[in-house]
Amino acid sequence: MAGPGRLRASSGPASTLGAVTGSREIDNILQRGADGGRITPEEALLLYTEAPFHALGEAADAVRRRRYPDNIVTYLIDRNINYTNVCVTACKFCAFYRAPKHGEGWTHPTEEILRRCGEAVELGATQVMLQGGHHPDYGVEYYEELFSSVKAAYPQLVIHSIGPSEILHMAKVSGVSLDEAIRRIKVAGLDSIAGAGAEMLPDRPRKAIAPLKESGQRWLEVMELAHRQGIESTATMMMGTGETNAERIEHLRMIRDVQDRTGGFRSFIPWTYQPENNHLKGRTQATTLEYLRLIAVARLFFETVPHLQASWLTTGKEAGQLALHMGVDDLGSIMLEENVISSAGARHRSNLQDLIWMIRSAGRIPAQRDTLYRHLAVHRTPDEDPRDDRVVSHFSSIALPGGGVGKSLPLVEAK
């Protein structure tokens with residue numbers, strides 16, 4: 001495991017920002033952040049609320065250029081596979097889950113999950129994200145069987161899956177410690193933990209939208225335990241459910257504190273709440289400008305988190321491409337399948353050519369990566385761009401009936 005200060009030192013010369021904001025305090029903070037220096041949560045909040053947009057973006061992009069002077073922006077091919085939609089947690093923002101014994105609840109057999117893994121491999125996927133609800137009967141044993149079955153059938157696939165909430169739930173169901181649960185699922189084949197379930201980590205907004213879920217501090221404790229066992233992870237954030245600006249920055253601080261101790265977060269992925277088919281009903285949402293400002297502040301604040309990923313799935317491809325000018329170095333995945341956020345109304349769709357075009361037309365060099373951000377193929381010129389019309393994302397406005405069992409890709413055709 002890399003040490004907590006692995007990215008603090010600048011990998012290139014100091015930046016000189018061209019923008020002048022009219023505020024010496026803000027100019028100094030932007031310059032320090034652009035040069036790889038640490039900014040405080042109070043300074044981050046000041047930047048988020050008051051820094052001019054273009055100056056903020058320039059400083060964040062200076063961080064990207066210093067860290068990644070090769071000008072490469074990465075993408076991934078993977079598939080999100082849901083093993084069940086049965087869940088006892090009942091988060092107010094979730095449109096995917098069904099309560100136990102609900103008529104629309106379902107659980108896929110291992111054979112169906114393996115079939116979907118095989119389709120993903122055929123289309124060039126290098127990773128699967130296995131996600132599901134907090135099923136009342138699923139303990140550590142269930143996940144041991146699931147992960148070991150996938151690894152036995154497709155050893156080339158990286159299992160970047162579940163999140164701290166599922167780990168807490170499985171440990172409780174099986175009556176074992178968190179350390180034991182993490183150790184056992186790692187042995188079974190779990191390679192990396194997804195940032196799922198972070199939503200908002202500060203207590204007030206978390207209790208408002210997910211009162212039955214573990215606290216944000218507990219979520220981070222699970223991540224820290226996993227990092228110390230050698231399992232890295234990603235970190236996420238859901239914007240737009242009524243949290244304050246200060247609470248958004250507090251979310252970043254909580255993540256950075258753990259990163260300082262473990263160095264185990266590979267990337268940060270903020271996304272925006274989707275308003276359909278859930279109990280919040282879109283009463284509060286984050287604007288595109290709020291999202292882009294948060295992206296830029298995150299790049300300046302997380303001097304020890306290597307990568308920053310844009311969420312075109314929730315913000316749209318236009319905002320996703322704009323984020324490439326706000327410090328982002330990764331556009332995430334084609335996502336051959338995704339039903340959870342789509343259940344709440346995320347209808348943005350992409351394909352391999354679209355994602356590469358978004359990167360190249362932003363003046364960057366596209367590269368396919370693996371889970372660890374190693375470059376699998378760098379497309380330095382358009383002649384080197386891969387062309388495979390089969391590699392398209394899902395298009396789903398509600399979760400598929402019965403979880404789409406037996407249905408081949410693409411799961412739902414665009415109308």
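Throughout, read-outs are computed from the coordinates displayed, never taken from laboratory work. Since the model is a prediction, treat every value here as computed from it, not as a measurement. Because the Cβ atoms are built from the backbone with ideal geometry, glycine has one as well, and the counts that use them run over all protein chains shown.
Binning all Cα-Cα separations of region 70-404 at 20 Å, short to long from zero, yields these whole-percent fractions: 33, 63, 5. For a test of the definition: using alpha carbon positions, the gyration tensor, and the 1.5 limit on a/c, classify region 24-66 as rounded, prolate or oblate. Oblate is the answer for region 24-66, as a/c is 1.5 or above yet b/c matches or exceeds a/b.
Do the alpha carbons of any pairs in Lys213/Lys317; Lys151/Lys407; Lys151/Lys317; Lys207/Lys407 sit beyond 29 Å of each other, and which pairs?
Values: Lys213/Lys317 31 Å; Lys151/Lys407 22 Å; Lys151/Lys317 33 Å; Lys207/Lys407 37 Å.
Listed pairs above 29 Å: Lys213/Lys317; Lys151/Lys317; Lys207/Lys407.
Going by average Cβ density within 10 Å per residue, which order do the peptides 374-383, 221-230 take, highest to lowest?
On the way: 374-383: 11.5, 221-230: 18.8.
The densest-packed peptide leads the list: 221-230, 374-383.
By how many nm would the segment from Asp137 to Glu104 lengthen if fully extended, with 0.36 nm per residue of separation less the alpha-carbon distance? It would help to have the intermediate numbers written out before the result.
Working: separation 33, 0.36 × 33 = 11.88 nm, distance 1.74 nm.
Fully extending the segment from Asp137 to Glu104 adds 10.1 nm.
With contacts taken as Cα pairs under 8 Å and at least 6 residues apart, region 118-166 reaches a relative contact order of 61 percent. The residue list Phe147, Ala208, Ile185 was ranked by how far each Cα lies along the charge dipole of region 70-404 toward its positive end, using unit charges on Cβ atoms, and Ala208 comes out on top.
What is region 70-404's relative contact order, in percent, from Cα pairs under 8 angstrom and six or more apart in sequence?
Working: 686 pairs, mean separation 72.9, N = 335.
Normalised by residue count, the contact order of region 70-404 is 22 percent.
Please list 317-327, 112-122 highest first by mean number of surrounding beta-carbon atoms within 10 Å per residue. Spell out each step's value before the answer.
Values: 317-327: 21.7, 112-122: 17.8.
By packing density, highest mean first, the sequence is 317-327, 112-122.
At a Förster distance of 45 Å, what's the computed FRET efficiency of Asp203 paired with Ser408, Cβ-Cβ distance as r, to 0.05?
Details: r = 44 Å, r/R0 = 0.98.
The value I calculate is 0.55.
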